[in-house]
Amino acid sequence: MGHDFWYKPRHNVMISTELGEPRAIQSGFNVDRFQKGLDKFGRCINVWDWTTRELIQTMELGPDGQLPTEVRMLHDPEEAIAYVNCALSSTVWIVSKTKDGSWKAEKVITVENKKVENWILPEMPGLILDQLISLDDRFLFFSNWAHGDIRQYDITDRRKPKLVGQVFIGGLICKDSPVKVTEDKELKERPDPLYFGGKRVQGGAQQLQLSLDGKRLYVTTSLYSAWDRQFYPEMAEKGAWLLMVDVDTDRGGLTLNKDFFVDFGAFSDGPTLANVPRFPGGDCKSDIWL
């Protein structure tokens, strides 16, 4: 089952991701079937001829590339570079065109698993589910739905992303979470739970959207109802959130904006699970230069 794609007409190419078998996604994450290898998640990136619509290359990422979700190409129409995030492996890959016209994938970011207790697995991946690139192609942002944080990387050196910003939006490792973190190679202490308007934010950082000037990053907390009910049952019952993060576009840095929030649990027609935010005038996820 395919998931996402991006195209570059000047390079006559479209790149797409393979999510996995429908049964591995639609009913939630089945730990037993996953551990036995019965549910297959994608590990491939596909390259297509944009003109003929033919598949011309498949890149197998292996165990470090499980469940590739989003593909984002640089906005510069001349640059033949894309980034792909893999959720279960918590990795980001750079995909680039070589001198002979073929494409290659290289892992450039890894989010370390956290050893935990009282969870469905002994180690918790970040679950990188969404990513985007600023319109000037300087910054890459991605969300760790399980860990709960958003990260900002300076990608001016395309193959050596530099972490310059991080902020937590809920997640499963907050101080009030029933999950116990026994080993964490990144954090010295667990993040505090997040409250707006006297209510606890449910879920973790998931879908992202960035304003065209790169200064306002919007984030929702819901993924997909079957997975929401499994990972964040309180959010599935009480509704998702839309929050805004202020971005330092000079040196990098993320700060949660305390003056903006949308509580989808407060809607008159009942709790809502919000997913993809969009701008009506164009945004960093959809604007492609021909």
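The values are calculated or read from the model by the stated rules, or taken from the named source; none is laboratory data. In this text the structure is predicted, and so the values were computed from the model without any measurement. In this analysis, Cβ positions are derived from the backbone assuming ideal geometry, glycine residues included, and neighbour counts consider all displayed protein chains. Note: areas computed on protein heavy atoms with side chains; ligands, DNA, RNA excluded. Shrake-Rupley method; radii C 1.70, N 1.55, O 1.52, S 1.80 Å.
Select from region 8-42 the residues that are within 21 Å of the chain's Cα centre (by Cα) and modelled with pLDDT of 95 or more and write down the one among them that is surrounded by the fewest Cβ atoms within 10 Å (Cβ to Cβ). Out of the qualifying residues, it is 16.
Do we find that residue 249 is assigned to a strand (DSSP E or B), open to solvent by 30 Å² or more (accessible area, probe 1.4 Å) and in contact with a strand residue (DSSP E or B) (Cβ under 9 Å, 6 or more places away or on another chain) in this structure?
Values: assigned to a strand (DSSP E or B): no; open to solvent by 30 Å² or more (accessible area, probe 1.4 Å): yes; in contact with a strand residue (DSSP E or B) (Cβ under 9 Å, 6 or more places away or on another chain): yes.
Answer is no for this residue.
For residue 92, are the conditions met, namely being under 30 Å from residue 118 (Cβ atoms), hydrophobic (A, V, I, L, M, F, W, C) and not in a helix (DSSP H, G or I)? Yes. Tell me, please, whether a residue that is part of a strand (DSSP E or B) and open to solvent by 20 Å² or more (accessible area, probe 1.4 Å) can be found in region 264-286. No, there is no match, as no residue in region 264-286 is part of a strand (DSSP E or B) and open to solvent by 20 Å² or more (accessible area, probe 1.4 Å). Checking the conditions here, which among 171, 198, 203 is touching a His at 6+ places or on another chain (Cβ under 8 Å) and either open to solvent by 10 Å² or more (accessible area, probe 1.4 Å) or within 25 Å of residue 109 (Cα to Cα) (or both)? It is 171. Among the residues here, residue 54 qualifies as open to solvent by 20 Å² or more (accessible area, probe 1.4 Å) and at negative phi. Scanning region 205-234 for residues that are among the hydrophobic types (A, V, I, L, M, F, W, C), in a helix (DSSP H, G or I) and either over 19 Å from the mean Cα position of the chain (by Cα) or under 21 Å from residue 137 (Cα atoms) (or both) turns up nothing.
Among the conditions (1) part of a loop (DSSP other than H, G, I, E, B); (2) of a type in the set (Asp, Glu); (3) out of contact with any strand residue (DSSP E or B) (no Cβ under 8 Å at 6 or more places or on another chain), the only one that residue 237 does not satisfy is (1). Filter region 151-168 down to the residues that are open to solvent by 30 Å² or more (accessible area, probe 1.4 Å) and assigned to a loop (DSSP other than H, G, I, E, B) and list them by number. Correct list: 156, 157, 158, 159, 160. Checking region 81-98 against the condition returns no match, with no residue being farther than 30 Å from residue 189 by Cα, in contact (Cβ under 8 Å) with a residue 12 or more places away in the chain, among the basic types (Lys, Arg) and out of contact with any helix residue (DSSP H, G or I) (no Cβ under 8 Å at 6 or more places or on another chain). Scanning region 139-150 for residues that are without any contact (Cβ under 8 Å) to a residue 60 or more places away in the chain and either surrounded by fewer than 23 Cβ atoms within 10 Å (Cβ to Cβ) or assigned to a strand (DSSP E or B) (or both) returns a single hit, 149. In this entry, residue 5 passes the filter for residues that are open to solvent by 70 Å² or more (accessible area, probe 1.4 Å) and out of contact with any Asp or Glu (no Cβ under 8 Å at 6 or more places or on another chain). List every residue pair whose Cβ atoms sit under 9 Å apart, with the two residues 6 or more apart in sequence or on different chains, where the first one lies in region 51-62 and is of a type in the set (Gly, Ala, Ser) and the second, anywhere, is open to solvent by 70 Å² or more (accessible area, probe 1.4 Å). Taking only residues 6 or more apart or on different chains, the pairs are 62/43. Of all the listed residues (60, 78), the sole one being touching a Cys at 6+ places or on another chain (Cβ under 6 Å) and open to solvent by 20 Å² or more (accessible area, probe 1.4 Å) is 60.
Condition (residue is buried (at least 23 other Cβ atoms within 10 Å of the Cβ), assigned to a strand (DSSP E or B) and modelled with pLDDT of 95 or more) applied to region 112-119: is it met by at least one residue? Outline the logic, then answer.
The first filter runs over region 112-119 and keeps only residues buried (at least 23 other Cβ atoms within 10 Å of the Cβ), leaving 114.
Now drop any that are not assigned to a strand (DSSP E or B), which leaves 114.
Still in the list and also modelled with pLDDT of 95 or more: 114.
Looking through region 112-119, at least one residue is buried (at least 23 other Cβ atoms within 10 Å of the Cβ), assigned to a strand (DSSP E or B) and modelled with pLDDT of 95 or more.
Residues of region 38-64 that are under 13 Å from residue 17 (Cβ atoms) and either in a loop (DSSP other than H, G, I, E, B) or touching a helix residue (DSSP H, G or I) at 6+ places or on another chain (Cβ under 6 Å) (or both): 41, 42, 43, 61.
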